[in-house]
Structure formats: C-alpha cells, structure tokens
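**Student:** I'd like to ask some things about the structure below.
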Amino acid sequence: MSALTFTLKNSPISKLDCRQLTPNLLANLTITEIENIPLSSQKNAPKVADFFEVSGSDTQTVHFKNATAQLNFIGHQMTKGTIVVNGDCGDFLGANMQGGTIIVKGNVKDRLGDQMRRGLILVDGNAADYCASRMIAGTIGIYGTAGTHVGFAMKRGTILLTQTPKLLATMQDCGTHTLPFLALLFRAFTTLPTRFNNIQTHRVQRYAGDLASNGRGEILVFSSR
Amino acid sequence: MLINGIQIDDTFAEAFNMRGTRIIITAQNLKWAYHAANAMTGFATSVIGCGVEAGIERELSANETPDNRPGVSVLMFAMGSKVLMQQLETRMGQCILTCPTAAAFAGITSEDNISLGKHLPYFGDGYQTSKLIHGIRYWRIPVMDGEFLTQETTGMVRAIGGGNFLILATSQPAALAAAETAVEAMKQVPNIIMPFPGGVVRSGSKVGSKYPKMFASTNDAFCPTLKGLVQTELSDDIESVMEIVIDGLTFEDIANAMRVGIQAICDLGADCGVKRISAGNYGGKLGPHLFKLHDILSIQTS
C-alpha cells in the first residue's frame, strides 16, 4: 500500500485548517470521501479536493507534498500513524497530539506541539516561536533553529535541539550529560526519514523546565552534530 | 544403555511447571553487566529457600541489546507468578538499580507482562520520567552516576523447572571434573539455566524427612558414605555423585540441554572416572514432565 498523499495544487492565499487530515480521521475512508472532507466547520467551507490532489491508499501513513506555511493544525489530536510533510508547515503542527509520528522536511511556524501529550515530532528545518508550548509529554526534535519561548509552560516531555536558543528564565541548566535513553530513541529514529540520524553523539546540554509550570520537561541540546 | 563405556540408567528426571521470565542487563562493559547480573542471580539456587531460581543464560554483544551496549541475559523462574513478580522487583531494586551503569530491558515477549521497573521509579522521588518509544515504556530515574534506565515490564511465560541428571563417579574430583565439562557444554544451549553454584549441586534431595518440619532432606540413596546403611543406589566403586539441575523455557530446551551435557561427559570416556549417569525423580508423583534418559539420548544417536 502506498502512503495516502495530499499534494497541494497551489499555495492558498489564506490559512488552511488541516486538522481533519490525520490517520485517525482518515481511517477506512475512500479517496472520494476524503476529497469531500470540508476543511473547516463553516457553511461554505472549502473541500480537500479544492486544494489537494489525493492519491495512495494507506491512511495510516499520510504524506503532504508541496506543503507551505499556510497549512495549520497538521496532525492535530492524532493518536497513531505517521505524517510526513514535504515542505513547510503553518502553526499548531501536532497540537494536542496523543501518539504517532510527524516528520517535517521543511520549516514550521508557531506553537509546534502545543499541548502535545504523546508521540514524536521531528522537524528537519526551523521552528518559529512558542515551540512545544504547554507540552504535556512526548518528544519533539528541531534540527534547525528554534525561535523564542521554547517549551513555554511545558510540564513534561523532551525537546531535542542542535543549537541553544534564547531560553526562558524558567528553564534551568542541568549541565552536560550522556543520557542512556537517547540510544533507544535514536535507534527508533533509524527507520524514519529525518536529519536526526546524522547525529552521532548522545552527549547533551540538559535544561529542565518550565519551572513556571511543573518543571519536569527538558530541552536537550546536542553538543555537536 | 552404554555410551562410550558409561552406563545410562533406564530412569527419568522429573520436572514441574514454573513461571519464567528473561531480563536483559546491559552496562558500560561486560564486567559491570556481570556484576549486576551476578548480584541479581545470587542466592537464587532453589525455590525451596530462595523464592526463585535464576541464572545467566548467555552473554550479549552490543548489537544484540536494545541500547547497543554489551550485556547478559538472565532467566528467572518461580513456582508462581506472584513470587516471580515479588522477587523480580526486589532484585531489580537491590541489584540492578544499585549497580553502576546498569540498565534493564525485557528479554521475552508474552501476553502476560510483569513489572520490571513499574514501582522502582518512585525511587526518583518525583524526578523520574518515562519515555514511550515504539509503544514500549521506559523509565529514567536520576541516580548519582547519571540516569538509571529500565523498561517498565517484561514478559512472563510458562516454563519448566527441575530437569536434572546425576553423575556417578569413582572419586569426588572425577565427578566434579565431569560436571564442569557438562556445564561448559550446556552453557551453549539457549533458553536454559543451571541455577546451582557453578551449575552443579552436590546436595540432591528427596521429598520428606524423618523430621516432620522438613519438606526435603538428603538423597540418602545416592550418598556414598551411607552405602552400607540405607537402600543405596550406588555400587561399590561409586564414591561421589554430582547433580546438574536445569530450568528452561520449554520441555525441548531442557531435553536438549540434558542431551548435550550427558553427551559431553560420555565423550570423556569411562577413563574419566564416571561410571553411570542417572536422574533424580520422585517416582513420577510430583511433576508432570518426565525426561527419560534413554529417550533423550536415543534422539542423539538416531
């Protein structure tokens, strides 16, 4: 079975809400049914077919092609399956996510992984502001740069970075460590198309936070690539 | 039956049902993996007094373990699931959590899962965190050497304990040397352990005793110094008997181990001092699994 693929026809002028296009909600739907999914709850909401060419059949592996920063809420509340985004994403990628995997080959806008509870998000490019805001748990990796307010109000969970961003005052430096669980995590990455597989070290600078929340989350910055 | 001048008695070993599990212990190097595993499998020779029977199954190279570090696999057996769970948790807490650089992972999958590190994380006093990787939950517990990593559960399977054979020799050194040879050969067999010291037990037991409170007592029929006193199983030339006890995951695993061990002794020839191979049983009354020596060894020869 080939991955269910949404190929963006033209870059939309306004933001598109993609929260309906998750493995959970697409399971057992035919291509025609998928093409007729409205992309918002408004009366004359645009349909999937208005913006995307839909192909493939494996609803548990969803690909977005030619994606742009106009696509919001990709992977919202997903609990299973895999989403691979070839291109950029808008705001709230993987918001309220409760399982599954999201891989982004490009850049992501604000509030990536907002209130995420479980699952894995790996971004090859950059993330804008408020990455992992209000994160409850799970794992987020940003291979490029992260904007301001990383992990704002995060409770638990792990954020993997390759460069130290400007951190909130409520993120505490816990020192440099070689963490054994990273061996397991990176072993799980080897089957995924992500730049994180380039990282050879398990040595990280560990920042714990957000202490303004309950402070059991962590930002791990790899010492070198 | 006579193999290479050594007599194989027409008898059987009697084994019973147990519950078993496998744990993979890894560490910075094999030395520390062994320290952890030796502690965990210490005082675990017999369920009579130790609760569990445990031993190191084999060494694992770095590419065989979940975290790419060298390690060993440990098998642990108990008479029931409750005891197994209790003993596993206690031994995890006292032997693996405490051992520098050690980590623990499930070594067997089953529908029945038992806690490997479900309650240990409370040692983290609130600083423990869990990670769900590929649907498997791991716990990270901050400890003084860094972080202790353990999988949350491991599988529990039905297993068999008490497979055995007796080595009857003309002298104590001869009996022990033959037993060592057998143990070395049997260490290559997967899915089994020999829980006694060095894999060998010298105090084989019978059921019951003249003392009402004792469940088991010395197997007088095989004690060489009692030859003239009791109804002995020993001929005049036998001066020492050693027993090898085997616990394994399946009947075939134990039978295979017994065959390999007995064959290794027979390969030494009668000149090694071993005259007979026998087995310990309770007349077929106690355990449902009977390992008939002739049947086991005839598979080898056929």
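The values are calculated or read from the model by the stated rules, or taken from the named source; none is laboratory data. What you are looking at is a predicted structure, and each value in this text was computed from that prediction instead of being measured. Quick reminder, even Gly has a Cβ in these numbers, built from the backbone with ideal geometry, and neighbours come from all protein chains shown. Side chains included, ligands, DNA and RNA excluded: accessible areas come from the protein's heavy atoms. Shrake-Rupley method; radii C 1.70, N 1.55, O 1.52, S 1.80 Å.
**Student:** For region A:139-178, compute Rh as the Kirkwood radius over C-alpha pairs and then the Stokes-Einstein diffusion coefficient at 25 °C and 0.890 mPa s; write the answer in µm²/s, rounded to an integer.
**Tutor:** Result for D is 220 µm²/s.
**Student:** Now for a separate question. Based on the alpha-carbon set only, what is the convex hull volume of region B:3-101 divided per residue, in Å³? Display every interim value, and only then the final one.
**Tutor:** Details: hull volume 14.2 nm³, N = 99.
Output value, Cα hull per residue: 144 Å³.
**Student:** Right, next: Compute the distribution of all C-alpha to C-alpha distances in the protein assembly as shown, in bins of 10 Å from 0, and list the percent of pairs in each, rounded to whole numbers.
**Tutor:** For the protein assembly as shown, the binned pair fractions read 4, 17, 21, 17, 14, 11, 9, 6, 2, 0, 0 percent.
**Student:** Return the long-range amide H neighbours of A:Thr145 (sequence gap of 5 or more, or a different chain), with a cut-off of under 5 Å between placed amide H atoms.
**Tutor:** A:Asn126, A:Ala127
**Student:** If I take every Cα pair under 8 Å that is 6 or more residues apart in region A:100-225, average their sequence separation and divide by the length, what percent do I get for the relative contact order? Don't jump to the answer; show the numbers that get you there.
**Tutor:** Working: 361 pairs, mean separation 27.6, N = 126.
Relative contact order comes out at 22 percent.
**Student:** Next up: With every protein chain left in place and a probe of 1.4 Å, what is the accessible surface of A:His149, to the nearest 10 Å²?
**Tutor:** 60
**Student:** Students often get this wrong, so check it: of A:Lys80/B:Lys118; A:Lys105/B:Lys131; B:Lys118/B:Lys213; B:Lys82/B:Lys187, which have C-alpha atoms separated by over 26 Å?
**Tutor:** On the way: A:Lys80/B:Lys118 24 Å; A:Lys105/B:Lys131 24 Å; B:Lys118/B:Lys213 37 Å; B:Lys82/B:Lys187 28 Å.
Result: B:Lys118/B:Lys213; B:Lys82/B:Lys187 exceed 26 Å.
**Student:** At most 16 other Cβ atoms within 10 Å and a DSSP loop assignment: could you name the chymotrypsin sites (Phe, Trp or Tyr not before Pro) in region B:1-64 that fit? Working shown, then result.
**Tutor:** On the way: sites: B:Phe12, B:Phe16, B:Trp32, B:Tyr34, B:Phe43; in loops: B:Phe43.
Within region B:1-64, the qualifying chymotrypsin sites (Phe, Trp or Tyr not before Pro) (loop, at most 16 other Cβ atoms within 10 Å) are B:Phe43.
**Student:** Relative contact order, percent, of region B:4-115 when contacts are C-alpha pairs under 8 Å separated by at least 6 residues? Could you put the intermediate results ahead of the total?
**Tutor:** Details: 197 pairs, mean separation 38.7, N = 112.
Taking the mean separation of contacting Cα pairs over the length of region B:4-115, I get 35 percent.
**Student:** To continue, here is another question. What ³J(HN,Hα) values, in whole Hz, does the Karplus curve 6.51 cos²θ - 1.76 cosθ + 1.60 give for region A:36-43 when θ = phi - 60°, with x put for Gly and Pro?
**Tutor:** 9, 5, x, 8, 7, 8, 6, 4
**Student:** With +1 on each Lys and Arg Cβ and -1 on each Asp and Glu Cβ, and nothing else charged, work out how big the dipole of region B:117-164 is about its Cα centre, in Debye to the nearest 20.
**Tutor:** Details: 5 positive and 4 negative charges, 54 e Å.
Taking the Cα centre of region B:117-164 as origin, the dipole is about 260 debye.
**Student:** Cross-link candidates for A:Lys47: which aspartates and glutamates have Cα within less than 15 Å, leaving aside residues fewer than 8 places away along the same chain?
**Tutor:** Output for A:Lys47: A:Asp17, A:Glu33, A:Glu35.
**Student:** Can you show me the helix-derived [θ] at 222 nm for chain B, built from DSSP H runs with n ≥ 4 at -39,500 (n - 2.57) apiece and divided by the number of residues, rounded to the nearest 500.
**Tutor:** That comes out to -7000 deg cm²/dmol.
**Student:** Cα convex hull of region A:183-225: how many Å³ per residue?
**Tutor:** Values: hull volume 3.8 nm³, N = 43.
Cα-based convex hull of region A:183-225, divided per residue, equals 88 Å³.
**Student:** Here is a further query. Can you compute 3J(HN,Hα) from phi for each residue in region B:242-248, using the Karplus curve 6.51 cos²θ - 1.76 cosθ + 1.60 with θ = phi - 60°, rounded to whole Hz and x for Gly and Pro?
**Tutor:** Taking θ as phi minus 60°, the curve returns 10, 10, 10, 9, 10, 10, x Hz for region B:242-248.
**Student:** For region B:46-62, in order, what is each residue's ³J(HN,Hα) by Karplus, 6.51 cos²θ - 1.76 cosθ + 1.60 with θ = phi - 60°, in whole Hz (x at glycine and Pro)?
**Tutor:** 9, 5, 4, x, 10, x, 10, 10, 9, x, 7, 7, 6, 7, 10, 7, 4
**Student:** As an exercise, identify the trypsin sites (Lys or Arg not before Pro) in region B:198-302 lying in DSSP coil whose Cβ has no more than 13 other Cβ atoms within 10 Å. Kindly include the intermediate steps, with their values, before the conclusion.
**Tutor:** On the way: sites: B:Arg202, B:Lys206, B:Lys210, B:Lys213, B:Lys227, B:Arg259, B:Lys275, B:Arg276, B:Lys285, B:Lys292; in loops: B:Arg202, B:Lys210, B:Lys213, B:Lys227, B:Lys285.
Listed in order of number, the matching sites are B:Lys210, B:Lys213, B:Lys285.
**Student:** Still on this structure: When only the heavy atoms of the protein chains count and the probe is 1.4 Å, how do B:Thr21, B:Thr11 rank by accessible area, highest first?
**Tutor:** Numbers: B:Thr21 0, B:Thr11 30 Å².
The most accessible residue leads, giving B:Thr11, B:Thr21.
**Student:** Assigning unit charges at the beta carbon (Lys, Arg +1; Asp, Glu -1) and nothing else, what dipole magnitude in debye, to the nearest 20, does chain B show about its Cα centre? Don't skip to the end; give the middle numbers.
**Tutor:** Working: 23 positive and 29 negative charges, 148 e Å.
Computed about the Cα centre, the dipole is about 720 debye.
**Student:** Kindly identify chain A as rounded, prolate or oblate by the Cα gyration tensor criterion: order the square roots of the eigenvalues as a ≥ b ≥ c, call it rounded if a/c is under 1.5, otherwise compare a/b with b/c, prolate if a/b is larger, else oblate. Write out the running numbers ahead of the final one.
**Tutor:** Details: a/c = 2.16, a/b = 1.76, b/c = 1.23.
Prolate.
**Student:** Ok, one more. Setting aside same-chain residues fewer than 8 positions from A:Lys166, which lysines have a Cα under 21 Å from its Cα?
**Tutor:** A:Lys109, A:Lys155
**Student:** Taking the Cα centre of region B:54-136 as the origin, how large is its charge dipole in debye, to the nearest 20, when only Lys and Arg (+1) and Asp and Glu (-1) carry charge on their Cβ atoms?
**Tutor:** Working: 6 positive and 8 negative charges, 27 e Å.
The dipole of region B:54-136 has a size of about 120 debye.
**Student:** Pop out the Kirkwood hydrodynamic radius of region B:101-236 from its pairwise C-alpha distances, inverse of mean 1/r, in Å to one decimal.
**Tutor:** Numbers: mean 1/r = 0.0513 Å⁻¹.
After inverting the pairwise mean of 1/r, the radius is 19.5 Å.
**Student:** Tell me, how many Å apart are the Cα centres for region A:1-54 and for region B:162-177?
**Tutor:** Cα centroid of region A:1-54 versus Cα centroid of region B:162-177: 75 Å apart.
**Student:** Here is a further query. With every protein chain in place, what's the accessible area of B:Asp220 (1.4 Å probe, Å², nearest 10)?
**Tutor:** 40
**Student:** Setting aside same-chain residues fewer than 8 positions from B:Lys275, which lysines have a Cα under 19 Å from its Cα?
**Tutor:** B:Lys227, B:Lys292
**Student:** Ok, one more. First check a/c for region B:63-102, with a ≥ b ≥ c the square roots of the eigenvalues of its C-alpha gyration tensor; if it is under 1.5, answer rounded, and if not, answer prolate when a/b is larger than b/c or oblate otherwise.
**Tutor:** Numbers: a/c = 3.52, a/b = 1.65, b/c = 2.14.
Note, shape of region B:63-102 comes out oblate.
**Student:** Quote the convex hull volume per residue of region B:169-269, based on C-alpha atoms, as a whole number of Å³.
**Tutor:** In region B:169-269, the Cα hull volume divided by residue count equals 115 Å³.
**Student:** What percent do you get for the relative contact order of chain B when only Cα pairs under 8 Å and 6+ apart count? The partial results should precede the final answer.
**Tutor:** On the way: 714 pairs, mean separation 78.0, N = 302.
Once normalised by length, the contact order is 26 percent.
**Student:** Quick one: if you stick a label point 7 Å off each Cα along the C-beta vector at B:Ile299 and B:Thr98, how many nm between them?
**Tutor:** Inter-label distance under the simple model: 4.0 nm.
**Student:** Give the accessible surface of chain B per residue, rounded to a whole number of Å², with probe radius 1.4 Å and ligands, DNA and RNA excluded. Present the calculation step by step, with values, prior to reporting the outcome.
**Tutor:** Numbers: 13880 Å² over 302 residues.
About 46 Å² of surface per residue is accessible.
**Student:** Same structure again: Which order do you get for B:Asp267, A:Asp129, A:Asp114 if you rank them by accessible area with a 1.4 Å probe, largest at the top? Walk me through the numbers before you get to the answer.
**Tutor:** Values: B:Asp267 100, A:Asp129 55, A:Asp114 5 Å².
Ranking B:Asp267, A:Asp129, A:Asp114 by accessible area, largest first, yields B:Asp267, A:Asp129, A:Asp114.
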